[in-house]
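Read the structure below first, then the notes.
The values are calculated or read from the model by the stated rules, or taken from the named source; none is laboratory data. Everything numeric in this text was worked out from a predicted model, so none of it was measured. Every residue, glycine among them, receives a Cβ derived from its backbone with ideal geometry; neighbour counts consider all protein chains shown. Please note that ligands, DNA and RNA were not included when accessible areas were found on the heavy atoms of the full protein model with its side chains. Shrake-Rupley method; radii C 1.70, N 1.55, O 1.52, S 1.80 Å.
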Amino acid sequence: RCSRDWSSDVCSSDLSLKLLAENNLAGFRTPEACADAIRAWCDWVAPAEMPAPDTARLNAATALLKSMPGKTVNEYDACRVFGALGIAPAQSEVITDAAQKTTVGFPVVAKILSPDILHKTDAGGVALNIADATQLAATAKQILERIGKSHPQAKLNGVLVHRMEKGLAEVILGFRRDPQVGPAVVLGVGGILAEIYKDIAIRLAPVDLDTARGMVEEVRGLAVIRGYRGLPRGDCEALAKAVAAMSQLACLPGRAVAEAEINPLIVKAEGQGVV
């Protein structure tokens, strides 16, 4: 009931809610608030125990980070850290001169390597399907010249040469220390579509393997690697292990890593892993 005390012109609903609360009865001002509470109660699960840190991998990642100067590391160094955590990087090499030879097997991808340029494709700093050394030399020269003009203040570490990898899907895998909720890991549809669809799963980090598997199931766009309508299955188990490995960044001492991202992480066929 909500009656009005005309002497004070104050609705007595506050008093009614107080009386209900004192007698362990739930009271709500609106039907919508009641529905929200029921939904939250239905979705409630018991707090999960944090998985034990992988000490050996974390020590290796910590040692690498301590050897890297500056607040932001370039892609090559970031991949070394991910590799230490257990997320396999593609075969890679850095060239600092366009004419420099590489031992990476062709075909390759060439990317500008700089801690100051995060969106390399937008900057014109990425070239795909480079077939041989001659094409690589010409492409690397073009990239360095183009970025030198468009980003004159950026620190350039050279050109990163990756072996060209293919798979069944591209995902985005990230980690962030949120100022309100703490460390979190995110998994979603990756590549250039990541910011369009925003089809993601988020959990507080670190997560165990079962939780990571649930994240893989939650992302709608990853149905294409879960055997949807007879499509070939991707290595969902390897993807879940990568999610759990990325979430271990939460266990690094202090605030060693504020945020990290892999985009794309390529999911290969079942049994072939991710890279």
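When the stretch 41-51 is filtered for residues that are aliphatic (A, V, I, L, M) and either over 15 Å from A212 (Cβ atoms) or outside any loop (DSSP other than H, G, I, E, B) (or both), the ones remaining, listed by number, are V45, A46.
Summed over the stretch 263-273, residues that are modelled with pLDDT of 95 or more, open to solvent by 20 Å² or more (accessible area, probe 1.4 Å) and touching a helix residue (DSSP H, G or I) at 6+ places or on another chain (Cβ under 7 Å) total 0.
In the stretch 41-56, what count of residues is obtained for those that are exposed (fewer than 11 other Cβ atoms within 10 Å of the Cβ) and not small (G, A, S)? The total comes to 8. Being more than 21 Å from V45 (Cα to Cα), open to solvent by less than 60 Å² (accessible area, probe 1.4 Å) and in contact with a Gly (Cβ under 8 Å, 6 or more places away or on another chain) holds for only one residue in R226, R233, and it is R226.
Residues that are within 19 Å of K66 (Cα to Cα) and acidic (D, E) within the stretch 225-260 comprise just one, E259. Within the stretch 57-75, one or more residues are in contact (Cβ under 8 Å) with a residue 60 or more places away in the chain, among the basic types (K, R) and open to solvent by 60 Å² or more (accessible area, probe 1.4 Å). Please determine whether any residue of the stretch 53-74 is within 18 Å of I262 (Cα to Cα) and in contact with a Ser or Thr (Cβ under 9 Å, 6 or more places away or on another chain). So far as the stretch 53-74 goes, yes, one or more of its residues are within 18 Å of I262 (Cα to Cα) and in contact with a Ser or Thr (Cβ under 9 Å, 6 or more places away or on another chain). Please specify each residue of the stretch 134-191 satisfying the condition of being open to solvent by 40 Å² or more (accessible area, probe 1.4 Å) and among the polar types (S, T, N, Q). Result: T134, Q135, Q142, S150, Q153, N157, Q180.
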